[in-house]
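Data first, discussion second: the structure below is written as structure tokens.
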Ligand SMILES: CC(C)(COP(=O)(O)OP(=O)(O)OC[C@H]1O[C@@H](n2cnc3c(N)ncnc32)[C@H](O)[C@@H]1OP(=O)(O)O)[C@@H](O)C(=O)NCCC(=O)NCCS
């Protein structure tokens with residue numbers, strides 16, 4: 001398994017695989033900001049927006065690849081406010097269903113934290129659906145539960161769910 005940081009150029013040949021990965025996550029009920037049905041076109045538009053954010057240096061995108069297969073991805077959204085130049089949000093951690101429970105998410109999270117450190121971002125924040133495997137994963141990696149907001153987002157089944165906000169201060 002190899003982790004790669006993509007630029008606004010090297011993302012281009014990966015767009016269609018990234019779209020499939022997003023569709024795989026959403027189809028399997030992940031809470032990553034989208035509802036069903038998620039068309040390939042809408043998924044592609046999302047990743048094209050990510051490419052623009054990378055281009056403007058406000059986003060870091062990592063992918064995990066096994067041979068030529070895309071196993072997972074994670075992003076770091078760099079705060080752009082003057083008082084938040086030490087802060088970033090970890091977002092859209094996704095591992096394809098055929099690669100889960102093999103340590104891919106852990107690898108991606110370790111790599112994105114290394115990127116955060118290099119970029120001088122030491123206060124990391126994230127949010128996730130309460131009770132999801134991701135909450136257990138983040139807790140294991142040292143993220144602290146700041147609080148829970150009920151009825152924060154809608155799940156793919158249409159129901160509103162609670163969202164947990166977490167943080168980690170990198171030393
Ligand atoms: C959450 C997700 C990224 C985990 O990816 P993964 O590659 O399977 O995770 P890892 O194999 O690296 O697991 C690391 C640890 O996380 C925890 N974990 C991961 N999946 C878990 C699950 N289904 N149930 C309970 N704990 C789980 C375990 O502690 C695990 O360590 P262990 O295998 O030694 O017990 C993956 O399930 C996913 O893509 N889910 C859908 C998208 C999503 O919800 N993303 C989070 C958005 S905030």
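The values are calculated or read from the model by the stated rules, or taken from the named source; none is laboratory data. Just so it is clear, the structure is predicted and the values come from calculations on it, not from any experiment. Ideal geometry is used to build each Cβ from the backbone, glycine not excepted, and the neighbour counts take in all protein chains shown.
Could you look through region 124-149, keep only residues that are touching a strand residue (DSSP E or B) at 6+ places or on another chain (Cβ under 6 Å) and assigned to a helix (DSSP H, G or I), and pick out the one that is nearest to the ligand (Cβ to nearest atom)? Among those residues, the one meeting the criterion is 134. Count of region 49-70 residues, restricted to those that are surrounded by 15 or more Cβ atoms within 10 Å (Cβ to Cβ) and in a helix (DSSP H, G or I), is 4.
Among the residues of region 80-91, those identified as surrounded by fewer than 21 Cβ atoms within 10 Å (Cβ to Cβ) and within 15 Å of the chain's Cα centre (by Cα) are 89, 91. The set of residues from region 77-113 being away from the ligand (no atom under 16 Å from the Cβ), out of contact with any strand residue (DSSP E or B) (no Cβ under 7 Å at 6 or more places or on another chain) and either assigned to a loop (DSSP other than H, G, I, E, B) or more than 24 Å from residue 49 (Cα to Cα) (or both) comprises 80, 81, 83, 85.
Applying the selection to region 150-161, what residues are within 14 Å of the ligand (Cβ to nearest atom), at pLDDT 95 or above and either more than 24 Å from residue 97 (Cβ to Cβ) or not in a strand (DSSP E or B) (or both)? Listed by number, the residues that qualify are 152, 155.
Within the set 25, 51, 19, the sole residue that is touching a residue at least 12 places away in the same chain (Cβ under 8 Å) and touching a helix residue (DSSP H, G or I) at 6+ places or on another chain (Cβ under 6 Å) turns out to be 19.
Between 73, 97, the distinction of being farther than 14 Å from residue 170 by Cβ, surrounded by fewer than 18 Cβ atoms within 10 Å (Cβ to Cβ) and touching a helix residue (DSSP H, G or I) at 6+ places or on another chain (Cβ under 8 Å) belongs to 97 only.
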